[in-house]
Amino acid sequence: MARAQDFTASIPARYTEACDLDRSDLTARVIARNEGVYPRQVARTSGGWLIYDRYEQQVMELDEDLRRVRRWGRQGPGPMEYEDPVGLGRLDSDRVVVVDASPPSLILFGPGGTEHRLAIPARPTHAIVADGTVLIATIEATVHEVTLDGQVRTLNTRQDFGLRENRGSGAAAAPRLRGNHMAFTGPSAIWSLGTQPRRTIQRCVHDDLLGTLEEAVRIDTPFGPQPFNLTTMQDYLPLGAEGFLALGGLVVAGRAGQRLRSIEHYDSSGRLTQAWQLLGYPAVRGVFDERTIGRMLVWHEEEFDGIQLVEVEGLVNR
């Protein structure tokens, strides 16, 4: 399946531009930075961050000031090595879990470290550690619970999310897990997980993108119309009774041609209550800091080196 960046010039603006909302300006100040880390996977821990660096191909641990404090495992095809980590998490002060997609496996680093191949029928795309167990979401929009000894239990299938059993011409799912929620980052839908999942939020996106998991959007290329995947939402943060924050993946056209990101707040019923545009970080990538509301870990190698932990003024007291 073609990637959006391969055919940027051919993608209609309606697929790349965020919805026209009434947005207020937000500014951010830098709390900490590390100019030598370029994340592909990120997970918050009680004492900092776990990062899989896409250039070093290394899982590393950073403290609250983004200083490197430890490395975990190494890249490779052998036992206790990872090739394509899709999820990271800390179990306790001594043990870290890495979920690898190639092949599907769970690697436990630390005392009693082990590796287990996982009997998951589809390619894992995101995983988290929650309350001593591991949740894994796949390219086929299924969700699985995995114990530390590698036992797999399917929690949800495609049909639980209102999708037909066979993906057919639909886009590959790009799910993102947070606690007991999962978001499909293509159509920008956030679901509450459980025996009967419920769609809590549907962000504003172009109508064609709403059904992309069942019928992928196609764009004209020199090779003819090609399906493509598009990330319309980068991250979200459940706030309990206070609702959700969401970080958009499409472009907000700012002053002087700036390409900004949208941050939005939704109440617990899924209603949009406020929208902002983040100034000073054109086309930034990032994740919310779940331990300190109002902080974000952001990166964009074309704009600045490495990663920055920023505090976004206006979100701090929400």
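Only the Cβ atoms of Lys and Arg (+1) and of Asp and Glu (-1) were treated as charged; on that basis the dipole of region 1-153 about its Cα centre amounts to roughly 160 debye. Protection proxy ranking for 303-310, 16-23, using the average of other Cβ atoms within 10 Å per residue and placing the highest first: 303-310, 16-23. When the P(r) is computed for region 76-213, the part past 17 Å accounts for 58% of the Cα-Cα pairs. The phi-based Karplus calculation (6.51 cos²θ - 1.76 cosθ + 1.60; θ = phi - 60°) puts the 3J(HN,Hα) values of region 222-236 at x, 9, x, x, 10, x, 8, 9, 9, 8, 9, 9, 8, 7, 8 Hz, whole numbers, x for Gly and Pro. The chain: D in µm²/s via Stokes-Einstein (Kirkwood Rh, Cα pairs, 37 °C, 0.692 mPa s)? This corresponds to a translational diffusion coefficient of 163 µm²/s. Along the axis of the charge dipole computed for the chain (Cβ charges of +1 for Lys and Arg, -1 for Asp and Glu, origin at the Cα centre), the listed residues Leu247, Val42, Leu309 are led at the positive end by Leu247.
For Leu155, the residues whose modelled amide H falls within less than 5 Å of its own, excluding neighbours fewer than 5 places apart on the same chain, are Val143, His144, Glu145.
Shown in residue order for region 26-34 are the 3J(HN,Hα) couplings computed by the Karplus curve 6.51 cos²θ - 1.76 cosθ + 1.60 at θ = phi - 60°: 10, 10, 9, 10, 7, 9, 7, 8, 9 Hz (x for Gly and Pro). Here the dipole of region 67-223 is about 500 debye; that uses its Cα centre as origin and unit charges on the Cβ of Lys and Arg (positive) and Asp and Glu (negative).
Across region 95-102, computed HN-Hα scalar couplings (Karplus, 6.51 cos²θ - 1.76 cosθ + 1.60, θ = phi - 60°) run 10, 10, 9, 10, 9, 9, 8, 9 Hz from first to last residue, x flagging Gly and Pro. On the protein heavy atoms, probe 1.4 angstrom, tell me the percent of accessible surface of the chain carried by carbon and sulfur. With neighbouring chains kept in place, the figure for the chain is 44 percent. If only the Cβ of Lys and Arg carry +1 and only the Cβ of Asp and Glu carry -1, the dipole of the chain around its Cα centre is close to 220 debye.
Amide H to amide H distances under 5 Å link Ser268 with Gly243, where only residues 5 or more positions off or on other chains count and H is placed in the peptide plane.
Accessible surface computed residue by residue for region 1-136, with neighbouring protein chains in place and a 1.4 Å probe, gives 48 Å² per residue. Of the residues Ala119, Val69, Pro85, the one whose Cα sits farthest towards the positive end of the charge dipole of the chain is Ala119 (charges of +1 on Lys and Arg Cβ, -1 on Asp and Glu Cβ, taken about the Cα centre). With protein chains left intact and a 1.4 Å probe, residues in region 248-318 average 43 Å² of accessible area per residue.
The values are calculated or read from the model by the stated rules, or taken from the named source; none is laboratory data. In this text, all values refer to a predicted model and were calculated from it rather than measured experimentally. Neighbour counts are summed over all protein chains in view; Cβ atoms, including those assigned to glycine, are modelled from backbone coordinates with ideal geometry. Accessible surface areas use protein heavy atoms only, side chains included; no ligands, DNA or RNA. Shrake-Rupley method; radii C 1.70, N 1.55, O 1.52, S 1.80 Å.
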